[in-house]
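Reading through the structure tokens given below for one structure.
The values are calculated or read from the model by the stated rules, or taken from the named source; none is laboratory data. Nothing here was measured: the structure is a model prediction, and the numbers come from that model. Don't worry about glycine lacking a Cβ; one is built from the backbone with ideal geometry, like all the others, and counts go over all protein chains shown. Areas reflect the complete protein model, heavy atoms only, side chains present, ligands, DNA and RNA absent. Shrake-Rupley method; radii C 1.70, N 1.55, O 1.52, S 1.80 Å.
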Amino acid sequence: MADKDDKQLTPNPPRVVEPPDTIREHPFELRHEVKRLNERLDQLTAALDKAEIKDIIENYSSVKKRILTNFVAGAARGLGLSLGTIVILALLGYLLSLLVSFNLPVIGDYINELLKYVNTSQGGR
């Protein structure tokens, strides 16, 4: 009975597993593959250098630079939004005044009332 327990507890010796036939390649093919991978790594390195990852990391490691960059970006966005809104509203007002001058029956009356409202809200100019 002790012999049966000993057989169950002893592990099997490790055996060598043969690789499948698809892995066995000629050394020239392996050199070609390594050369292709090295070329790809060179391309990735060039792309990272072109993207200036170093500069990005330096900017994000400095809190002062990050705050200044975000402040300037926010001010530029706010200014762009304001100017864009002014241009769009001016074009819309111009188009509405053109529609009033055409004396369209329904739309012209509505736009005329809208322009009167705008003029009275500006102080009757």
If R0 is 41 Å, what FRET efficiency do you get for Leu44 and Ile86 from their C-beta distance, rounded to 0.05? 0.35
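So between Lys35 and Thr120, what do we pick up on full extension, going 0.36 nm a residue minus the alpha carbon distance?
On the way: separation 85, 0.36 × 85 = 30.60 nm, distance 7.79 nm.
Fully extending the segment from Lys35 to Thr120 adds 22.8 nm.
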What does the accessible area of Leu98 come to, in Å² to the nearest 10, when a probe of 1.4 Å is used? 60 Å²
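Excluding Asn103 itself, what net charge comes from residues whose Cβ is under 15 Å from its Cβ, given Lys and Arg +1 and Asp and Glu -1?
With Lys, Arg at +1 and Asp, Glu at -1, the net is -2.
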Give me D for the range 26-125 in µm² s⁻¹, whole number, from Stokes-Einstein with Rh from the Kirkwood sum over alpha-carbon pairs, 4 °C and 1.567 mPa s. 65 µm²/s
